[in-house]
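For reference, the structure is listed below as structure tokens.
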Amino acid sequence: MPEIIDFFFSPYPSAQTRRLRAAIEDGLAHGSRITPADPKPGEAVMLLFSAQAQLPIERVAVYYTTDGTPPAGERGTATNGYVVWAEAGEHTQDDECALPVRHWRAILPAQHDGTLVRYCADAWSLSDTQAHWYADHADPITVPPEHGRSYAYHVDTWTPPKWWQDAIVYQIFVDRFNAAHDEPPLLEHDAAPITGFFGGTLRGIIEKLDYLESLGITCLWLSPLFESPTHHGYNASDYHTVAQRYGTNETLRELIRLAHERGMRIMLDFVANHTSDEHPAFKAAQQDQESATYDWYAFSDAYAHGYRSYAMVANMPELLTENPNVQRYLFDTALYWLQDFGADALRLDYVPGPTHAFWTGLQTVVKTHVPEALTLGEITAPMQHIVDYAGRVDAFMDFPLAEQLRAVFAARQRPLQDLLTVLEARQHHLPTNMARATLLDNHDMHRFLWLAEEDHRRLKLAATCHLTLDGTPIIYYGTEVGLSQYSDAHKENAYARAPMFWDERQDTHLLAHYRHLLKLRQTYPALRSGQFLPIPVQIVQGSAEIARQVGAYLRILETQAVLVVLNNNEEAVQVRIALSQILHNQGIRLMHGDILRHLLPVESEYRESVQGEIEFHLAALDGLLLHITSSQLV
């Protein structure tokens, strides 16, 4: 079998990197880089700017308001709001731009709780009166305003809703999940083009609520439900109407009501970056330049289709999300589903598309009106760029972790020990005021099993690791029963969205494993929010290469401790762990007697050895979960 490329994680510059590069080349870059990223009441805020050092930039000024009105100013004079001056700092070399850069910093004063701070910036030369630059005037991701970008942050004490910490999310691609018993059945994968419609419905989901509840699911993430010409729905034609092929608005209300009765929450997919070319606003704008929505989109012969579109796809025209009328429309739409329908969360598609200020606005509206609602951002970027969205979204999809899990367990390109090293190191860099969603696969990447060459043992082991780590886990529909794909999703990612099977093709052993893990996660709070502590493992017999594919960690919460031991080798191994001493160092003393209790029905086993050491016989591609039952604080 040819090597499978995990294309979703191919190295490419993030949207923030591309934005900064273009703005530096143009003259002055900001990219909403502020410290702290999520300002609290009483905290001053430092703004970072990067100027191309070869240009005669001698002054940088920031104009800001605290009353919600747009800031305005130029060359150090504010025409609305206040002005602060940036101070010149160090010179560096920007390797990506191959240009020398000089950094400038400005400090905005601390504000009271509930203040929306809006600001803009410019730079100029004292010696050349014609030389003038607006911050982030060049942007390859979206169209910036002619006179520079306006930024924003909100000063508050908001935190992610507490229910998210304990949630277990199930991602449903509505068209591919299930049809009700009295509806046309869900099509088989080869019965229609993979980009066609397969017949999944909202009533089909309702009829599987028993299944989802028995699995241990507490939150359903539904793919876009709005009217759309595509199977995926990520280009809405009508943001206020459920697609007829899925049901009606009333069907959605019923699904939300029935889910809530079972203690389940509903998360809706929300796309702000673009619509479909069938949306009334776009059609009106395309037909009439005097239309009220003409300035919602960017029309020009410079674009491939005569208008700017997402990924240059004709049926995905991009919205100009810095337009106040576009923002008002989208913010009202979000409240429509959260308030009127009672949805509990929004999964925000393609967060790097709209600006940080847009998400500040949406977050402010959501938290003001529906404080218990969650916003989950799809931010495909390295962690240093993800943290910039703190305060603008409640949580982020942890793609950096997903890439690690897939490389270690599915593709087997990295050793398990490397993963544990990364997990330990990243604890100090994760934003404390942002929650996370963790995953093994989703609709935009290869199914885990496809990447794992259909080896179900690798998936079971990956699930054991995934579901014993912190962060709210997302399970992509069908992964729990062995659903894979039928062709390469790199050439068409719809192959990663095969129709669910509900018959004998389900791997019942894998399903039982998932049910067991999710039950354990609900039972043991240490698995959800406990301290993560990698611990050393000694190989009794075997090579260094074998040792690098064996690992163990503890999840500790107060006096509760769960030990996880994993063998990512394709052969059995015997290992030894000095567990008594390790726990003693953490303030936990092992007592005499039965100190460990198996939590997973697996082939691997353990026995006590001398001096408080535990020996484990680990089957190939297997793992152990052990609850330390006879322990007490020293």
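The values are calculated or read from the model by the stated rules, or taken from the named source; none is laboratory data. Just so it is clear, the model here is predicted, and its values are computed rather than measured. All Cβ positions, even for glycine, are placed from backbone atoms using ideal geometry, and neighbour counts span all protein chains on display. Accessible surface areas use protein heavy atoms only, side chains included; no ligands, DNA or RNA. Shrake-Rupley method; radii C 1.70, N 1.55, O 1.52, S 1.80 Å.
If you wrap a convex hull around the C-alpha atoms of the range 205-342 and split its volume per residue, what is the figure in Å³? Numbers along the way, then the final one.
Values: hull volume 15.9 nm³, N = 138.
In the range 205-342, the Cα convex hull volume per residue is 115 Å³.
Carbon-plus-sulfur fraction of the accessible area of the chain, 1.4 Å probe, in percent?
On the way: 12330 of 25040 Å².
Carbon and sulfur together cover 49 percent of it.
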Specify which labelled value, from [x] 141, 82, 40; [y] 100, 51, 40; [z] 81, 61, 47, agrees with Cα extents along the principal axes in Å derived from the coordinates of the model shown.
-> [z]
Taking a ≥ b ≥ c as the square roots of the eigenvalues of the Cα gyration tensor, with a/c under 1.5 meaning rounded and otherwise prolate when a/b exceeds b/c and oblate if not, the range 186-252 is oblate
For K491, list the lysines whose Cα falls under 24 Å from its own Cα; do not include residues on the same chain fewer than 8 positions away.
-> none
Return the lysines within reach of K40: Cα separation strictly under 22 angstrom, same-chain partners fewer than 8 residues apart disregarded; answer none if there are no such residues.
-> K162, K367
Report, in whole Å, the centroid distance computed from the Cα atoms of the range 193-236 and the range 346-363.
-> 23
Taking alpha-carbon centroids only, the range 155-180 lies from the range 259-326 a number of Å equal to 24
May I ask you to derive the relative contact order of the chain, considering only C-alpha pairs under 8 Å and at least 6 residues apart, and to give it as an integer percent?
-> 10
Determine the gain in length on full extension of the stretch E87-S10; use 0.36 nm per residue of separation and subtract their C-alpha separation, reporting nm with one decimal.
-> 23.9 nm
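Provide the packing ranking of 400-411, 536-547, i.e. peptides ordered by the mean count of other C-beta atoms within 10 Å per residue, highest first. It would help to have the intermediate numbers written out before the result.
Numbers: 400-411: 21.6, 536-547: 13.2.
Highest mean packing first, the order is 400-411, 536-547.
With contacts defined as alpha carbon pairs under 8 Å and 6 or more residues apart, what's the relative contact order of the range 322-454 in percent? Intermediate results must be reported in sequence, preceding the final value.
Values: 148 pairs, mean separation 28.6, N = 133.
Computed over the range 322-454, the figure is 21 percent.
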List the relative contact order of the range 262-407 as a percent without decimals, with contacts defined as Cα pairs under 8 Å and 6+ residues apart.
-> 22
Put a dot 7 Å past each Cα toward the Cβ at Q581 and D444; how far apart are the dots in nm?
-> 4.6
When the Cα centres of the range 367-417 and the range 69-118 are compared, how far apart do they sit, in Å?
-> 28
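How would you classify the range 352-393 from its alpha-carbon gyration tensor, with a ≥ b ≥ c the square roots of the eigenvalues: rounded for a/c under 1.5, else prolate if a/b is greater than b/c, otherwise oblate? Show your work: numbers first, answer last.
Working: a/c = 2.48, a/b = 1.84, b/c = 1.35.
Prolate is the answer for the range 352-393, as a/c is 1.5 or above and a/b outweighs b/c.
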Send over a whole-number figure in Å² for the accessible area per residue of the chain, probe 1.4 Å.
-> 39
Provide the packing ranking of 552-559, 470-477, i.e. peptides ordered by the mean count of other C-beta atoms within 10 Å per residue, highest first.
-> 470-477, 552-559
Can you tell me which of 412-424, 148-160, 77-89 comes out highest on packing, and rank the rest after it, using the mean Cβ neighbours within 10 Å?
-> 148-160, 412-424, 77-89
